[in-house]
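Let me begin by presenting the structure, written as structure tokens, before commenting on it.
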Amino acid sequence: MNEQSSYPVKVEAQHVGFFETPVAYCQVKDSDALLRDLERAIRQNMADSGGLQRSNIGGWHSNTDMIAWGGAAATKLADTAINVAKRMTRFQEAREENYEWTVRMWANVTAKGGFNHMHAHPGNMWAAVLYVDMGEGDDPAADVGGAFYLEDPRFPMAAMHHTALRMVGSDGEAQQYEVEFKLQRGDLIVFPAWLRHGVRTYHGERERISIAMNIDARRR
Ligand SMILES: [Fe+2]
């Protein structure tokens, strides 16, 4: 007889996840007029500033003062992003009205071959990106690259044991080290500014337009 059979134990395990990383994956509804005016302001700013500046890889980006030149549409976008960030924020020691929320905003126009290395936004609370025009990727079935991705902030802890190791999340799925988003026009993502993210190489012929934001709240 197997010695272990004298211990007829059963295990009741409750799989819970701790220390979540909140990410708001939003579709901005009825956004046609807003997106149109944002794009118009970006094109104008691009023309005023002398066209392409190759300051990021394969694209142009504006200065971070789009609130000043983006008109009412930029202000509306800033308020919208702040409201999403507020839903994911609590302050332990003070009421929310004691905090002043601010946004720095800039536009990215990405040509074929453009991408963004993985990075974070130090010194801010939340970061956000809105897609104004997917370029050639308007058809969700078209694979023109340019995917936005987030890195697991715990990386490479599990992989330090074995590179093939994946921990199973409370949803029962193996957790990968990166999450890719298949984004569409009008999608807005708000995530912690310390969470590293990037954009894979875009292969479409038509330029892609997005707007990035740094969102902060400071005690008055
Ligand atoms: Fe970024």
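Side notes on the structure shown:
- Qualifying residue in segment 159-166 (condition: in a strand (DSSP E or B), more than 16 Å from the ligand (Cβ to nearest atom) and either in contact (Cβ under 8 Å) with a residue 24 or more places away in the chain or not small (Gly, Ala, Ser) (or both)): no
- Ala85 vs. criteria in contact (Cβ under 8 Å) with a residue 12 or more places away in the chain and either more than 16 Å from the ligand (Cβ to nearest atom) or not aromatic (Phe, Trp, Tyr) (or both): yes
- Boolean, Ala47 is of a type in the set (A, V, I, L, M, F, W, C), over 20 Å from His121 (Cα atoms) and either loosely packed, with under 13 Cβ neighbours inside 10 Å or modelled with pLDDT of 95 or more (or both): yes
- Considering the conditions (1) in a loop (DSSP other than H, G, I, E, B); (2) among the small types (Gly, Ala, Ser); (3) surrounded by 19 or more Cβ atoms within 10 Å (Cβ to Cβ); (4) out of contact with any Ser or Thr (no Cβ under 8 Å at 6 or more places or on another chain), Gly172 is excluded by exactly one of them, (3).
- Count of segment 184-220 residues which are more than 16 Å from the ligand (Cβ to nearest atom) and in a strand (DSSP E or B): 3
- If you filter segment 1-27 down to residues that are in a loop (DSSP other than H, G, I, E, B) and small (Gly, Ala, Ser), you find that the one that is surrounded by the fewest Cβ atoms within 10 Å (Cβ to Cβ) is Ala13.
- Which listed residue is within 20 Å of Met213 (Cβ to Cβ), aromatic (Phe, Trp, Tyr) and at pLDDT below 95, from Phe115, Phe148, Phe91: Phe115
- No other residue among Arg104, Arg36 is modelled with pLDDT of 95 or more, within 24 Å of Val199 (Cβ to Cβ) and within 16 Å of the ligand (Cβ to nearest atom) apart from Arg104.
- Set side by side, the residues Ala81, Ala33, Ala41 differ, and just one is farther than 27 Å from Arg219 by Cα, among the small types (Gly, Ala, Ser) and buried (at least 17 other Cβ atoms within 10 Å of the Cβ), which is Ala41.
- Among the residues making up segment 107-134, a single one is in contact with a helix residue (DSSP H, G or I) (Cβ under 8 Å, 6 or more places away or on another chain) and within 10 Å of the ligand (Cβ to nearest atom): Ala128.
- Test: residue in segment 66-73 that is buried (at least 17 other Cβ atoms within 10 Å of the Cβ), within 16 Å of the ligand (Cβ to nearest atom), over 28 Å from Pro153 (Cα atoms) and modelled with pLDDT of 95 or more: yes
The values are calculated or read from the model by the stated rules, or taken from the named source; none is laboratory data. Everything quoted here is computed from the prediction, not taken from an experiment. Using ideal geometry, Cβ is built from the backbone for each residue, glycine included, and neighbour counts are taken over all protein chains shown.
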